[in-house]
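A.B. asks: Just dropping this structure here.
Read-outs throughout are calculated quantities, based only on the coordinates presented, and are distinct from any laboratory measurement. What you are looking at is a predicted structure, and each value in this text was computed from that prediction instead of being measured. Here the Cβ is made from the backbone with ideal geometry for all residues, glycine too, and neighbour counts use every protein chain on show.
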Number of protein chains: 2
Amino acid sequence: MTTLRPALAADTRDVVLCECFARDGLQHEPGMMATQNKVSLIERFVDMGFVRVEATSYSNPKVIPQFSDASDLLKQLPRQPGVFYKATCANVRAVERAMADDVHGYGANEISLLVSATDTHSLKNLVRTRDEQWLNIANMVTAAQNKFRLIGTISMAFGCPFEGAVNPASVMADAEKFLRIGVRHITLADTTGTATPKSTSALFKQLQRAFPEACAIAHFHDTRGTGLVNYMAGFEAGVRYFDCAFGGVGGHPVKVKYGQGHTGNVCTEDLVDFFESMGVKTGIDRAQLLDVGQHCEDLLARELSSRVLRSGLNPLCPVTSPAHS
Amino acid sequence: MTTLRPALAADTRDVVLCECFARDGLQHEPGMMATQNKVSLIERFVDMGFVRVEATSYSNPKVIPQFSDASDLLKQLPRQPGVFYKATCANVRAVERAMADDVHGYGANEISLLVSATDTHSLKNLVRTRDEQWLNIANMVTAAQNKFRLIGTISMAFGCPFEGAVNPASVMADAEKFLRIGVRHITLADTTGTATPKSTSALFKQLQRAFPEACAIAHFHDTRGTGLVNYMAGFEAGVRYFDCAFGGVGGHPVKVKYGQGHTGNVCTEDLVDFFESMGVKTGIDRAQLLDVGQHCEDLLARELSSRVLRSGLNPLCPVTSPAHS
């Protein structure tokens, strides 16, 4: 921890990536990862330049044992100005745990709140209707007492495998609800990889036009290999915050005809290499990218879905050294 | 063969995809595929709507045994107006074999000619300098006697792992050479996946501005997962011809630090689903996409790299039935 470099000033990076391996990535892993391994990994994420890390979830340990170490994990993470550790919270009880940790000085400093764009997915994923979840979110925001940076995530914003197309006006109404209760960071999630560059661009432009005070975040899944092309469209539409996970792990399993489906997040190694090869500064130390990717594969003891880890960094990348070297 | 549908009229599709599984896909496969399996597969490609199929290579059977059945294979393929079977030719001897088959009425009707953008790659891949290869190409064009549609491919057009950046002016000069000897179809190849949307867009725009009489073709490899995002940039720059291969197989192996590298072509299943989900008509029958992809996996007896085959077609695709149903 003593070797950590100072976090980058905001203006040395063009985009802000959130590394989701430790939470979204691990949520559906059958094996438990030791807390110490998670801590070391998150230390490496921060050391290589990530200023946003999805660290854990204050979920019910009986339901998701992987995150039963939430408080213990957060206690061991290095604290640094400008570095945000996100914890997902499903209900008021979760927020109360985050508050308790915060009182002791080691809690998360970002909390994510989730709403589904469709009732069918809301019932399946959150076991609440949308109306019930909005009530739940309002109670969570009250319980959080302005102690955290709040991230409002609208899942299935680009379409739902159960209900099909989602009305953009409904997504905008959800965004407005978040803003009204003080949630300024709005994540539009392509939860099962049905978005296209067209729909990505259109929805983010609409969001930013309607709510210029919002900070737009893209959380896309690479279900159909469209992660990079949709993030490119988001970037061109003005989005600067993107979620990703090493090895493209994690995601939301939805049973489809052809097997369980590839459900992963957009792969960090491929995304960083992609942005940097265009001269878009990520603030991430490329020199550590493949080593950390390899470490993630070692931890999960299987080959993950990074292309760059197999093929090497783009040798024609114009940015050869990280901004903070 | 009697069940084949009539080929689509050109105006019922927005893009023309060339299916490269049978040649670029198989070239580096260690196992020999039976001619009958290749024939059945190519029949399925044509039946599902492909009007361009890279079928085989008139290469030296001692060097590449996989294509020792070139003439035998071509003899068995269904003939249909508007369907092009491409064969790669490395030298005058290859063109003479194509001519001999043509005299008998069963040859390829497209021949591809390859030049490398850099001398280092030219020597490694073609065992000739660029100058020597241009002389070779001139002799091949003469030998072809205007019998075939000629495809001029410039490999490493977007950069070379050996020589680094490639001067666009040199690529334009190569394109001009092709046009001067009567080769109107110009393929720019991202042979090892170093292109970006920026460089893709810039080079294709330059090509089309400088040579409006040329038909631009994109042949990209998905080495770093950038196939779809670069094809999107190409499409936006006006390119309408794209190469792909089922399962993303094939490609040009270049040894890199991290293993042999993922070298595959842009995956057909993912590309078709991607284009169609944006309403870009490919002319390919989506209903057959996953079955044929599964068949390709069965033939090679391993899991290939299609995401869509794992996850299913995009359920939000606006085009639910093929144009020629």
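A.B. asks: When chain A is treated as a GNM, springs tying every alpha-carbon pair under 10 Å, which of A:His221, A:His121, A:His104 comes out with the largest mean-square fluctuation?
C.D. replies: Result: A:His104 has the largest fluctuation of those listed.
A.B. asks: Other chains' Cβ within 10 Å of B:131-142 residues: what's the mean? Could the numbers behind the result be given before it?
C.D. replies: Numbers: counts 0, 0, 0, 0, 0, 0, 0, 0, 0, 0, 0, 0.
Partner Cβ neighbours, averaged per residue: 0.
A.B. asks: What ³J(HN,Hα) values, in whole Hz, does the Karplus curve 6.51 cos²θ - 1.76 cosθ + 1.60 give for the range B:86-91 when θ = phi - 60°, with x put for Gly and Pro?
C.D. replies: 9, 10, 7, 10, 9, 7
A.B. asks: With 10 angstrom as the radius, rank A:Arg302, A:Arg93 by how many other C-beta atoms surround their C-beta, starting from the fewest.
C.D. replies: If I rank by nearby Cβ atoms, fewest first, I get A:Arg302, A:Arg93.
A.B. asks: So how strong a dipole does the protein assembly as shown carry about its Cα centre when Lys and Arg Cβ are +1 and Asp and Glu Cβ are -1, to the nearest 20 debye? Let's see the in-between values first.
C.D. replies: Details: 64 positive and 68 negative charges, 92 e Å.
Roughly 440 debye, rounded to the nearest 20.
A.B. asks: Would you mind telling me the antiparallel percentage of the DSSP bridges in the range A:16-311, rounded to 5? Working shown, then result.
C.D. replies: Details: 2 of 36 bridges.
Here the antiparallel bridges make up roughly 5 percent for the range A:16-311.
A.B. asks: On average, how many beta carbons from a partner chain sit within 10 Å of the beta carbon of a residue in A:219-225?
C.D. replies: On the way: counts 0, 0, 1, 3, 6, 14, 19.
So the per-residue partner count for this stretch is 6.
A.B. asks: Something else now. Would you mind checking the pairs A:Lys62/A:Lys205; A:Lys86/A:Lys177; A:Lys177/B:Lys205; A:Lys198/B:Lys205; A:Lys198/B:Lys75; A:Lys177/B:Lys198 and listing those with alpha carbons more than 32 angstrom apart? It would help to have the intermediate numbers written out before the result.
C.D. replies: Working: A:Lys62/A:Lys205 41 Å; A:Lys86/A:Lys177 21 Å; A:Lys177/B:Lys205 44 Å; A:Lys198/B:Lys205 21 Å; A:Lys198/B:Lys75 44 Å; A:Lys177/B:Lys198 37 Å.
Correct reply: A:Lys62/A:Lys205; A:Lys177/B:Lys205; A:Lys198/B:Lys75; A:Lys177/B:Lys198.
A.B. asks: Something else: Defining the label point at 7 Å along Cα→Cβ, can you sort the distances from A:Ala287 to the same site in each other copy, shortest first, in nm?
C.D. replies: Label-point distances to the other copies, shortest first: 5.8 nm.
A.B. asks: Along the charge dipole of the range B:14-311, which of B:Met156, B:Gly107, B:Ala70 sits closest to the positive end, that is, farthest toward it, with unit charges on the beta carbon of Lys, Arg, Asp and Glu (+1, +1, -1, -1)?
C.D. replies: Going by the Cα projections, it comes out as B:Met156.
A.B. asks: What's the magnitude of the charge dipole for the range A:162-202 around its Cα centre, counting Lys and Arg as +1 and Asp and Glu as -1 at the beta-carbon? Answer in Debye, nearest 20. Please report the intermediate quantities before stating the final value.
C.D. replies: Working: 4 positive and 4 negative charges, 35 e Å.
Magnitude of the dipole: close to 160 debye.
A.B. asks: Taking each label point as 7 Å beyond Cα in the direction of the beta carbon, state the distances from A:Pro318 to the same residue in the other copies, shortest first, in nm.
C.D. replies: Between copies, matching label points for A:Pro318 lie 3.3 nm apart.
A.B. asks: I've got another one for you. Can you name the residue in chain A whose Cβ lies closest to the A-to-B rotation axis, and give that gap in whole Å?
C.D. replies: For chain A, the closest residue to the axis carrying it onto B is A:Val229, 2.
A.B. asks: DSSP beta bridges in the protein assembly as shown, what fraction antiparallel, as a percent rounded to 5? Please list the in-between numbers first.
C.D. replies: Details: 4 of 72 bridges.
Here the share of antiparallel DSSP bridges comes out near 5 percent.
A.B. asks: What ranking do A:Ser311, B:Ser306 get, fewest neighbouring Cβ atoms within 10 angstrom at the top? Don't skip to the answer; put the middle values down first.
C.D. replies: Details: A:Ser311 26, B:Ser306 29.
Fewest-to-most ranking of A:Ser311, B:Ser306: A:Ser311, B:Ser306.
A.B. asks: Give the nm distances, rounded to one decimal, from B:Val63 to the matching residue in every other copy, measuring between label points 7 Å along Cα toward the beta carbon; shortest first.
C.D. replies: Taking the point 7 Å beyond Cα along Cα→Cβ, the inter-copy spacings are 6.3 nm.
A.B. asks: Using the Cα centre of chain A as the reference point, and only Cβ charges (+1 on K/R, -1 on D/E), how large is the resulting charge dipole? Debye, rounded to the nearest 20.
C.D. replies: On the way: 32 positive and 34 negative charges, 101 e Å.
I would put it at about 480 debye.
A.B. asks: Rank the residues A:His185, A:His28 as a footprinting-exposure proxy: fewest other Cβ atoms within 10 Å of their Cβ go first. Please list the in-between numbers first.
C.D. replies: On the way: A:His185 19, A:His28 15.
Least crowded to most crowded, the residues run A:His28, A:His185.
A.B. asks: Another question, if that's okay. Among A:Lys124, A:Lys147, A:Lys177, determine the one that fluctuates most according to a GNM of chain A built with springs between C-alpha atoms less than 10 Å apart.
C.D. replies: A:Lys124
A.B. asks: Could you work out the Rg to Rh ratio of the range B:4-103, with Rh taken as the Kirkwood radius (inverse of the mean 1/r over all Cα pairs)? Kindly include the intermediate steps, with their values, before the conclusion.
C.D. replies: Working: Rg = 13.6 Å, Rh = 14.1 Å.
Using only Cα positions, Rg/Rh for the range B:4-103 is 0.97.
A.B. asks: Collect residues whose amide H, placed 1.01 Å from N in the peptide plane, falls under 5 Å from the amide H of A:Phe158; neighbours closer than 5 in sequence don't count.
C.D. replies: Result for A:Phe158 returns A:Thr191.
A.B. asks: Residues with amide H under 5 Å of A:Phe220's amide H, sequence separation 5 or more or different chain, H placed in the peptide plane at 1.01 Å from N; which?
C.D. replies: A:Asp190, A:Asp243, A:Val266
A.B. asks: Which one, A:Leu26, A:Leu316, A:Val292, is farthest towards the positive end of the dipole of chain A when Lys and Arg carry +1 and Asp and Glu -1 on their Cβ?
C.D. replies: Selected residue: A:Leu26.
A.B. asks: For chain A, which longest stretch is free of loop sites, where a loop site is one of the GluC sites (Glu not before Pro) that DSSP puts outside H, G, I, E and B and that has at most 10 other Cβ atoms within 10 Å? Spell out each step's value before the answer.
C.D. replies: Numbers: sites that count: A:Glu213, A:Glu303.
Longest stretch, sites excluded: A:1-212.
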